[in-house]
Amino acid sequence: MRLVVVSNRLPIALKKKGESYEVHPGKGGLITALAPVLRDRGGDWIGWSGVHGEDDVQTHLDDYSRKAGYNLHAVPLSREQVQDYYQGFSNEVIWPLFHDLQTICNFKPAFFASYMEVNHKFASAIAEHSDSEAYVWVQDYHLMHAAWCLKQQGHDRRCGFFLHIPFPPPDIFLKLPWRTKIIEALLEFDLVGFQTVRDRRNFVQCVGLLRPDTQFSGRGQVVTATYEGRELRVGYFPISIDFKEFQNLARTRKVAEQAHQVHTAFRRRHLILGADRLDYSKGIPERIQAMRFLYFKYPQMREKLSLVQIVVPSREDVLGYRDKKLKIESMVSEVNGEFSVPGWVPIHYLYRNLSREELVAYYRVASIALVTPLKDGMNLVAKEYCACNVSGQGVLVLSEFAGAAAQLQRWALLVNPHDVEGVADALYRAYLMDIDEKQARMHKLRVSIRKYDIYWWVESFLQAAFDRQLGDFRQESVDFHSER
Ligand code: GDG
């Protein structure tokens, strides 16, 4: 069966070279895990290329496809569509709303109209590049109407959908002017997947309020919904990383040397690491406040612990992101102004995209990872840190509002990111933790992440999509099935 993956962006980066383009492979666990599946099945990937109106883009993609072993198809988007569907509807409506920030949503009707137009465009591309035998796997919140549009256009396809971000509870979701349309669109997929059991519960509750004629049956990881006389499956599939790849990279000589250099440059002091895309959901200002509180409440931690905060530039065209950056920068300078002494700076701030090796070197050398999003679908940084912690002595301080907390809560130090004193206390506890406890916790974290890696994620989604009977799924709670 041919697999067709659909996402807002294709898993490549196009770089302009003179009059032409160079195609570079995309990074990240999703592409690493899906590429072999697509190659084996002879698959396709449909998405926007990231550039506007270049006629020859598809020719470059065709050349690349021959090498990659699966086909890439670009969906062309105009500048206006990118502005209204991507920056507008996706990132000024759905992203903030689904991260519980309804007050900053911009519910402009033109954004929804553009979103619908683009979803129709994607549906036409899916219809063109697949037949009724294919399985279409749609990724994420930009394309929640893909299955609905396919049906409207008269195409019969089996479609699954995975939401990478959280699904909000009804009191927040109901604020959305297009709430019923979105729920009805999601119910048109054959399988809808969420990151955690909590996200699925929120979805089921919203369906209950907006389409009370829908019946749910079964329990466990995957349940059945009956909607307008047809059945679909609704499950949770916590996404993960390529554990072995990260671990192996962390063990290379190059990364070990880089880690050693960082350690020496910081005069062998302990490092706390934060690494995030620039985003208000990641809780960076609250984290900086927690650092200030740490140095204030526990002055003995000054000159012993420094935070290295990596911020990766992101969504610079979306309203509010630039202000966030300025706010973070002024907070960093304030803390540094207050506590720096000759030879020691409390917060090292890096605003750039590090190479994978550099990032892994920081993961390897950091004594503590401080992962404190206000809300996050999963958070892969938490998992990558553990995979790269080859010394086995690092401590993960993790927000209870990250999807990853459901799986990792027993062995990480869980914190409420809004409680800056609580975060400071957790950092102090992490610093003082005896080595046996650190090793025991990190061992458990690594075992769990190794077991439920990105390949497990792909396999469990695809099995729910077309292989297994519902009875084959776990009915019992396992570690990542917690309510958190
Ligand atoms: C969305 C959801 C969900 C970070 N700094 C650098 C760098 N990174 C990479 C990390 C990691 C990725 O960025 C960030 O992934 P997250 O999961 O933390 O967050 P989102 O980007 O918001 O992703 C999230 C995810 O989708 C998957 O479903 O977990 O909840 O919001 O992989 O390694 N990479 C490089 N340099 C850096 O400086 N090269």
- Message: Checking the structure you have, find out if any residue of the range 374-396 is surrounded by fewer than 22 Cβ atoms within 10 Å (Cβ to Cβ), at pLDDT 95 or above, among the hydrophobic types (A, V, I, L, M, F, W, C) and more than 16 Å from the ligand (Cβ to nearest atom).
- Response: yes
- Note on the structure: Exactly one of Leu359, Leu354 is out of contact with any Leu (no Cβ under 9 Å at 6 or more places or on another chain), within 13 Å of the ligand (Cβ to nearest atom) and either in a helix (DSSP H, G or I) or hydroxyl-bearing (Ser, Thr, Tyr) (or both), and that residue is Leu359
- Query: Checking Leu414 against (1) hydrophobic (A, V, I, L, M, F, W, C); (2) surrounded by fewer than 20 Cβ atoms within 10 Å (Cβ to Cβ); (3) within 11 Å of the ligand (Cβ to nearest atom), which test does it fail?
  - Reply: (3)
- Item | In the range 266-287, residue farthest from Glu303 (Cα to Cα) [restricted to those that are out of contact with any Lys or Arg (no Cβ under 9 Å at 6 or more places or on another chain) and modelled with pLDDT of 95 or more] | Lys282
- Item | Residues that are within 22 Å of the chain's Cα centre (by Cα), polar (S, T, N, Q) and closer than 12 Å to Val318 by Cβ, drawn from the range 84-111 | Gln87, Ser90, Asn91
- In this structure, does Val311 turn out to be hydrophobic (A, V, I, L, M, F, W, C) and crowded, with 19+ Cβ neighbours inside 10 Å? yes
- Subset of the range 138-148, residues more than 20 Å from Gln195 (Cβ to Cβ) and either crowded, with 24+ Cβ neighbours inside 10 Å or modelled with pLDDT under 95 (or both), comes to His145
- Note on the structure: Conditions (1) farther than 24 Å from Lys438 by Cα; (2) within 16 Å of the ligand (Cβ to nearest atom); (3) assigned to a helix (DSSP H, G or I); (4) at pLDDT 95 or above -> Lys324 fails only (4)
- Message: With the structure loaded, tell me whether Arg410 is in a helix (DSSP H, G or I) and either outside the structural domain of Gly283 (by TED's automatic domain parsing) or more than 16 Å from Pro166 (Cβ to Cβ) (or both) or whether it fails that test.
- Response: no
- Message: Yes or no: the range 353-373 includes at least one residue that is buried (at least 21 other Cβ atoms within 10 Å of the Cβ), of a type in the set (S, T, N, Q) and in contact with a strand residue (DSSP E or B) (Cβ under 8 Å, 6 or more places away or on another chain).
- Response: yes
- Query: With respect to Asp84, is the statement that it is in contact with a His (Cβ under 7 Å, 6 or more places away or on another chain) and buried (at least 21 other Cβ atoms within 10 Å of the Cβ) true?
  - Reply: no
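Yes/no per residue for (1) away from the ligand (no atom under 16 Å from the Cβ); (2) closer than 19 Å to Arg233 by Cα; (3) of a type outside the set (A, V, I, L, M, F, W, C):
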residue	(1), (2), (3)
Thr103	yes, no, yes
Phe122	yes, no, no
Ser130	yes, no, yes
Trp148	yes, yes, no
Gly160	no, yes, yes
Ile183	yes, yes, no
Val197	no, yes, no
- Message: Condition check: among the hydroxyl-bearing types (Ser, Thr, Tyr) and either within 16 Å of the ligand (Cβ to nearest atom) or modelled with pLDDT of 95 or more (or both). Does Tyr85 satisfy that?
- Response: yes
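To keep it simple, each residue is scored yes or no on (1) outside any helix (DSSP H, G or I); (2) in contact with a Phe, Trp or Tyr (Cβ under 7 Å, 6 or more places away or on another chain).
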{"residue": "Val23", "(1), (2)": "yes, yes"}
{"residue": "Thr32", "(1), (2)": "no, no"}
{"residue": "Arg39", "(1), (2)": "no, yes"}
{"residue": "Val51", "(1), (2)": "yes, no"}
- Among Tyr385, Tyr428, the single one that is under 18 Å from His270 (Cβ atoms), over 21 Å from the mean Cα position of the chain (by Cα) and aromatic (Phe, Trp, Tyr) is Tyr428
- Note on the structure: Checking Asp55, Asp62 in turn, the sole residue that is outside any helix (DSSP H, G or I), at pLDDT below 95 and more than 22 Å from Phe189 (Cα to Cα) turns out to be Asp55
- Query: Across the range 291-321, what is the number of residues that are closer than 30 Å to Val93 by Cβ and outside any loop (DSSP other than H, G, I, E, B)?
  - Reply: 5
- Of all residues making up the range 450-465, the number that are out of contact with any Asp or Glu (no Cβ under 9 Å at 6 or more places or on another chain) and either under 24 Å from Lys282 (Cα atoms) or not charged (D, E, K, R) (or both): 7
- Among Lys444, Lys438, Lys451, the single one that is of a type outside the set (Asp, Glu), touching a residue at least 12 places away in the same chain (Cβ under 8 Å) and surrounded by fewer than 18 Cβ atoms within 10 Å (Cβ to Cβ) is Lys444
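Here is a yes/no grid of residues against (1) modelled with pLDDT under 95; (2) more than 27 Å from Trp457 (Cβ to Cβ); (3) in a helix (DSSP H, G or I):
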{"position": "Leu97", "(1), (2), (3)": "no, no, yes"}
{"position": "Phe107", "(1), (2), (3)": "no, yes, no"}
{"position": "Ala113", "(1), (2), (3)": "no, yes, yes"}
{"position": "Ala123", "(1), (2), (3)": "no, no, yes"}
{"position": "Val136", "(1), (2), (3)": "no, no, no"}
{"position": "Leu150", "(1), (2), (3)": "no, no, yes"}
{"position": "Gly160", "(1), (2), (3)": "no, no, no"}
{"position": "Pro177", "(1), (2), (3)": "no, yes, no"}
{"position": "Ile183", "(1), (2), (3)": "no, no, yes"}
- Item | Failed condition for Gly220, given (1) part of a loop (DSSP other than H, G, I, E, B); (2) in contact with an Asp or Glu (Cβ under 7 Å, 6 or more places away or on another chain); (3) more than 15 Å from the ligand (Cβ to nearest atom) | (2)
- Condition broken by Pro11, with the remaining ones in (1) within 16 Å of the ligand (Cβ to nearest atom); (2) in contact with a His (Cβ under 9 Å, 6 or more places away or on another chain) satisfied: (2)
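The values are calculated or read from the model by the stated rules, or taken from the named source; none is laboratory data. These numbers were taken from a predicted model, which means no experiment stands behind them. Here the Cβ is made from the backbone with ideal geometry for all residues, glycine too, and neighbour counts use every protein chain on show.
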